[in-house]
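Report on one structure; see the data block that follows.
A short reminder: the numbers here are calculations on the coordinates, not readings from a lab. Just so you know, these numbers come straight off a predicted model, no measurement behind them. All Cβ positions, even for glycine, are placed from backbone atoms using ideal geometry, and neighbour counts span all protein chains on display.
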Amino acid sequence: RRILHMPALCAVRDDQPQFKMLYERVYKRTGIKMKGYVAVQKKLLIMAYYLWRKKQKYQTDFNYPQKIIASEQAEATHDKISEEKFH
């Protein structure tokens, strides 16, 4: 875990979208920053293992557009439901 601490900090700080979204989601849910960083560390470790096993190179935008579209649709649905509740 110690080895992945700085890479997790850098991934979140440098606005790597998938890591930043994971960190923010965990931080909002728990209120503890370290839990967000540990979640990013775990994701980095799993990703490194997967890339090593499949002998692939890391792609920063891999599957990113689909996740953005899905999260935007989920937010729009949530906002619509919230508006209907209050009216």
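For region 1-65, what relative contact order do you get, as a whole percent, if you take Cα pairs closer than 8 Å and at least 6 residues apart? Mind showing how you got there, number by number?
Values: 43 pairs, mean separation 21.8, N = 65.
Contact order relative to length: 33 percent.
Between Met6 and Ile46, the modelled label-to-label distance comes to 2.6 nm, taking each label 7 Å out from Cα in the direction of the beta carbon.
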